[in-house]
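The values are calculated or read from the model by the stated rules, or taken from the named source; none is laboratory data. This structure is a prediction, so every number in the text was calculated from the model and none was measured. Every residue, glycine as well, gets a Cβ built from its backbone with ideal geometry; the counts of neighbours run over all protein chains shown.
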Amino acid sequence: MKIDLIIKNIGKLVTMENSFFPRIGNQMNELTILENAYIAVAQGKIFQVGVGDEYKKLIGENTKVDDVGGKLVTPGLIDSHTHLVHGGSRENEFSKKLNGVPYIQILQEGGGILSTVNATKKATFDELYNKAKKSLDRMVEFGVTTVESKSGYGLDLETEIKQLEVAHKLNEDHPIDLVHTFLGAHAVPVEYKNNPKAYIELLVKEIMPKIKEMNLAEFCDVFCEEGVFSVEESEYILKNAKDMGYKLKIHADEIAPIGGAELAAKLGCISADHLMAASDKGLEDMAGGNVIANILPGTSFNLNKPSANARKMIDLNVALSLSSDYNPGSCPSENLQFVMQLGCLNLKMTPNEVLTAVTINAAHCIDRAREIGSIEVGKKADIAVFDAPNMEYLMYHFGINHIDKVYKDGVLVVNNKHVVY
């Protein structure tokens, strides 16, 4: 086998190996860390992982050798919950938030999601593409190599298709891999305000089948929340989605404990996201049903709300992942490293638990753990090189970008913190 790349002189290499299932409980804190390590890459995949100078036997005529000078190396980071493709921005709501106006009130006044829906409908394909590409460039600069991208700012067939087609085009053009989720049940459109059941039927009978027929989305998601979609409505939508062949996700119990976590377990969702208000029973049900808790601490930070109880989830053996929730309203930030630091500072997770949550558990959260999320032979050579001596420093020195280099499929895409693809 021709070796294309060897990354050597790795100070500490965190592998996340042998994670056939999401890590739970103490497993999240128990990492394999190799010192003075190397990674050999062939045809975009990891060919060998080792320590010392055994790599020398693999060097061929055209092998590129990258000496990373004792830096920290991890799997490429995975952002498993974003609202990447959207029009406009919502800084006009910022002062309302600062004055304590609840999000649901902003939504009911035509702001929030509905404001972005209007902007997204008006935006052209190219405008949405260029805006989202700019965000992806920022994400990869922070070490992210795979991103889940939700629709949900169309709330009609034409705009939902436009959002998803933009995401598919970006997946073709950009180094970051995109995973596609349909979130038509993100809010009730203004025109259906007095007849939400009619919108739900439109989703189930027309929009969801067409999206699936066009193979635009792998997952289906619902915003199950007080004042948005009830548990009963969410169950109806997700059951139909499952029958159509979608994998299931759910925005659950973000604001009020209405039973979204329990529903996630009942339906076998791959993840339940947010969960700041989830009940103990809901979390216990999720643990029993192997539903991943996808926590979004950047949103809690931005809304100045209490964070989800990550420690309780870990104690209950709920698998945990962390994501940015990048969106124009509640978390307008592409910085997953800051989210990781909030995982330590606000969620009281250990650095090891945090890295688990944005690598292998995040890979399971989007059903990609066979391909990414760990440094193992045969997996994609998605590799983040941090200008940090260890995991603790990465979390301790907060608010900056620690990335030195990023390799995607074995190709250098970020060098000295700058995109070079």
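Among the conditions (1) surrounded by fewer than 24 Cβ atoms within 10 Å (Cβ to Cβ); (2) within 18 Å of the chain's Cα centre (by Cα), the only one that Asn304 does not satisfy is (2). In the condition set (1) hydrophobic (A, V, I, L, M, F, W, C); (2) within 16 Å of the chain's Cα centre (by Cα); (3) farther than 17 Å from Asp243 by Cβ, Val228 is compliant with all but (2).
Applying the criterion of being of a type in the set (A, V, I, L, M, F, W, C) and part of a helix (DSSP H, G or I) to the residues of region 194-214, the residue that is surrounded by the fewest Cβ atoms within 10 Å (Cβ to Cβ) is Ala198.
Among the candidates Leu98, Leu128, Leu77, single out the residue that is touching a residue at least 60 places away in the same chain (Cβ under 8 Å) and of a type outside the set (Phe, Trp, Tyr).
Leu77
Taken as a whole, the condition of being surrounded by 19 or more Cβ atoms within 10 Å (Cβ to Cβ) and closer than 27 Å to Arg368 by Cα applies to Met28. With the structure loaded, tell me whether Gly69 is surrounded by fewer than 24 Cβ atoms within 10 Å (Cβ to Cβ), at pLDDT 95 or above and not assigned by TED's automatic domain parsing to the domain that holds Met395 or whether it fails that test. So Gly69 fails the test. Evaluate the following for Thr299: is it within 28 Å of Asn415 (Cα to Cα), in the same structural domain as Met139 (by TED's automatic domain parsing) and surrounded by 20 or more Cβ atoms within 10 Å (Cβ to Cβ)? It is false that Thr299 is within 28 Å of Asn415 (Cα to Cα), in the same structural domain as Met139 (by TED's automatic domain parsing) and surrounded by 20 or more Cβ atoms within 10 Å (Cβ to Cβ). For Ile46, are the conditions met, namely being surrounded by fewer than 24 Cβ atoms within 10 Å (Cβ to Cβ), touching a Gly at 6+ places or on another chain (Cβ under 7 Å), farther than 30 Å from Phe229 by Cβ and among the hydrophobic types (A, V, I, L, M, F, W, C)? Considered against the rule, which asks whether it is surrounded by fewer than 24 Cβ atoms within 10 Å (Cβ to Cβ), touching a Gly at 6+ places or on another chain (Cβ under 7 Å), farther than 30 Å from Phe229 by Cβ and among the hydrophobic types (A, V, I, L, M, F, W, C), Ile46 comes out as yes. Screening Tyr246 on (1) under 29 Å from Met349 (Cα atoms); (2) surrounded by 19 or more Cβ atoms within 10 Å (Cβ to Cβ) shows it passes everything except condition (1).
The set of residues from region 236-282 being within 15 Å of Ala310 (Cα to Cα) and acidic (Asp, Glu) comprises Asp253, Glu254, Asp273, Asp280.
Considering region 84-134, the qualifying helices (runs of 4 or more DSSP H), each wholly inside and each with 1 or more residues that are buried (at least 17 other Cβ atoms within 10 Å of the Cβ) and among the aromatic types (Phe, Trp, Tyr), run over 103-108. Restricting to region 403-421, count the residues that are of a type in the set (D, E, K, R), modelled with pLDDT of 95 or more and either assigned to a strand (DSSP E or B) or more than 15 Å from Lys64 (Cα to Cα) (or both). Residues in region 403-421 being of a type in the set (D, E, K, R), modelled with pLDDT of 95 or more and either assigned to a strand (DSSP E or B) or more than 15 Å from Lys64 (Cα to Cα) (or both): 3 in total. Just name the residue that is nearest to Val377 (Cα to Cα) out of those in region 34-59 that are without any contact (Cβ under 8 Å) to a residue 40 or more places away in the chain and hydrophobic (A, V, I, L, M, F, W, C). Taking the candidates together, the pick is Ala40. Among the residues making up region 136-157, those that are assigned to a helix (DSSP H, G or I) and either surrounded by fewer than 21 Cβ atoms within 10 Å (Cβ to Cβ) or among the charged types (D, E, K, R) (or both) are Asp137, Arg138, Glu141, Leu157. Considering (1) surrounded by fewer than 17 Cβ atoms within 10 Å (Cβ to Cβ); (2) more than 30 Å from Glu262 (Cβ to Cβ); (3) in contact (Cβ under 8 Å) with a residue 40 or more places away in the chain, the lone condition that Glu226 does not fulfil carries the number (2).
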